[in-house]
Amino acid sequence: MSSTRRSFIKKTAVAGSGVIAAPSIVSASVFGANDRINAAVLGINGRGKSHIEGFMAQKNVQITTLCDPDMNLLKKRQQSFKETYNKDVSLEQDLRRVMDDKDIDVISIASPNHWHALSVIWACQAGKDVYVEKPGSHNIWEGRKMVEAANKYDRIVQHGVQLRSSPAVNEAIQLLRDGYIGRVYMARGLVFRWRPSIGDQGTSPVPEGIDYDLWTGPAHKRPFTKNLVHYNWHWHWDYGNGDVGNQGIHETDLCMWGLDVGLPSKITSMGGKFLWDDAKEVPEVLTSVYKYPEENKIIQFEVRPWCTNTESDVTVGNIFYGDKGILVVDGYDTYKTYLGQDRTPGQSGTDGGDSGTGMDRGAGGTVGHFTNFIEAVRKHDKSILNGPVETAHLSSGLAHLGNIAYRLDRVLDFDPKTETFVNDAEADKMLKRDYREGFEVPESV
């Protein structure tokens, strides 16, 4: 069964020129165990492949549509989908037509960062439930709008931080809450990844089959370059947020979860490009510090490329510090503890999956996180979500704050209640972006 939807978008013949009509509020549907849920995946180059796998592993869930501005990719995925699942799947370049499809119940978003929040908002307005890849937002202001949309339209929105579905990581968090390593005062997030030079390929004509206007969407439209499409947009401010806003969102989320804090009130960052003279705009090396004076806690976050050392045998993960010991989370589904001055090994745990990729079939991997999402969709119960929309806003927001402090090169004071900086108009301008006409994140969702 597919829930009934009302059309909210005027279809247009020219991509990028659609007029967005105000949506009708659609009543929530609760699916029974035997009701088929139809899903569409937006963005199919990187994590989108995992989204396809994650949805198709669910009982009575069917991907009916793949959407991407690149028709070349779409045709490849359509062929592999048929070979893997022996099923046909529809193709669409324009996500607005996906939103308008009354037979689609769930939207899964794995497009570039600059599209995430607007896609979530449009999907909520269309009465669809949403799984959105990290980071939930490209900037802090639109992250809050995403939360408002999910609440206003009563939609189920899951953030793609699959470690929240890991039994081992949940066990580790409970140890922190129970005082196993004493009073926990500091968390460190580590992202040490191999990030080589991307060179500088200059500008070039848009390849046949790519709708570059749709790819650009809400962002500033630059001349086409292969240094953006497909993966390397991560390293450009208009589209990505660097590695702290890429891999790092898993770790920013866990830092905040483990310390039981929200956004900080004091932020400083320092870093730069030290290795390659390439087209990247974001820093290769970045160290950010976030202070919580009222809670007397602090977060340290480090991004750096290999070759590098490990820390507590971890290259991607988290370290929590207490007055009785430390707790180390390695990747997505493994933790260890070390107690006392002699670092005596304490309690540990693992889900037994591939902690380096998060792609395993276990409870802590991508498939398990989708299972939690689909259960919440069927019951229409956001309270059972492991990664609710608020985590998308806050964990992404922490990364955004660090990036703003780096770009302004000074210590910033922030008011978490108003989500604005304290007497700092220059910094406040960086909480939001200028949106292209036709792709604006609305002030009122």
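The values are calculated or read from the model by the stated rules, or taken from the named source; none is laboratory data. Small disclaimer: the values here were computed from a predicted structure and weren't measured. Cβ sites come from the backbone with ideal geometry, for glycine too, and all protein chains shown count toward neighbours.
Screening CYS307 against (1) buried (at least 20 other Cβ atoms within 10 Å of the Cβ); (2) under 29 Å from TYR231 (Cβ atoms); (3) without any contact (Cβ under 8 Å) to a residue 60 or more places away in the chain leaves a single unmet condition, (1). All told, GLU142 falls short of being buried (at least 24 other Cβ atoms within 10 Å of the Cβ) and under 18 Å from ALA40 (Cα atoms). In this entry, ASP253 is excluded by the filter for residues that are assigned by TED's automatic domain parsing to the domain that holds THR420, among the charged types (D, E, K, R) and farther than 23 Å from ALA405 by Cα. Picking from residues in the range 178-205 that are of a type in the set (Ser, Thr, Tyr) and part of a loop (DSSP other than H, G, I, E, B), the one that is farthest from GLN93 (Cα to Cα) is TYR180. Scanning the range 262-299 for residues that are hydrophobic (A, V, I, L, M, F, W, C), in a loop (DSSP other than H, G, I, E, B) and surrounded by fewer than 18 Cβ atoms within 10 Å (Cβ to Cβ) returns PHE274, LEU275, TRP276. Go through (1) farther than 22 Å from VAL377 by Cα; (2) touching a Cys at 6+ places or on another chain (Cβ under 8 Å) for LEU95 and report which single condition fails. With (1) farther than 22 Å from VAL377 by Cα; (2) touching a Cys at 6+ places or on another chain (Cβ under 8 Å) applied to LEU95, the lone miss is (1). Restricted to the range 372-430, and to residues there that are under 30 Å from ALA57 (Cβ atoms) and small (Gly, Ala, Ser), the residue that is surrounded by the fewest Cβ atoms within 10 Å (Cβ to Cβ) is SER383.
If you scan the range 329-352, which residues turn out to be farther than 21 Å from GLY248 by Cβ and buried (at least 22 other Cβ atoms within 10 Å of the Cβ)? THR337, ASP351 - these are the residues of the range 329-352 that are farther than 21 Å from GLY248 by Cβ and buried (at least 22 other Cβ atoms within 10 Å of the Cβ). Between residues in the range 198-221 that are hydroxyl-bearing (Ser, Thr, Tyr) and residues that are assigned to a strand (DSSP E or B), which pairs lie under 9 Å by C-beta distance while being six or more apart or on different chains? Every condition considered, the pairs that remain are THR203/THR225; SER204/THR225. Restricted to the range 199-244, and to residues there that are of a type in the set (Ser, Thr, Tyr) and within 15 Å of GLU281 (Cα to Cα), the residue that is surrounded by the fewest Cβ atoms within 10 Å (Cβ to Cβ) is TYR231. Among residues of the range 41-54 that are farther than 17 Å from ILE104 by Cβ, those with a beta-carbon under 6 Å from a residue that is modelled with pLDDT of 95 or more and surrounded by fewer than 22 Cβ atoms within 10 Å (Cβ to Cβ) at least six positions away or on a different chain give the pairs ASN45/LEU73. In contact with a strand residue (DSSP E or B) (Cβ under 7 Å, 6 or more places away or on another chain), acidic (Asp, Glu) and either in a loop (DSSP other than H, G, I, E, B) or under 14 Å from GLN300 (Cα atoms) (or both): does that describe GLU208? No; evaluated as a whole, the condition is false for this residue. Beta carbons closer than 6 Å, at least 6 apart along the sequence or on distinct chains, pair a first residue in the range 326-340 that is in contact (Cβ under 8 Å) with a residue 60 or more places away in the chain with a second that is in a loop (DSSP other than H, G, I, E, B) and hydrophobic (A, V, I, L, M, F, W, C) for LEU327/ILE181.
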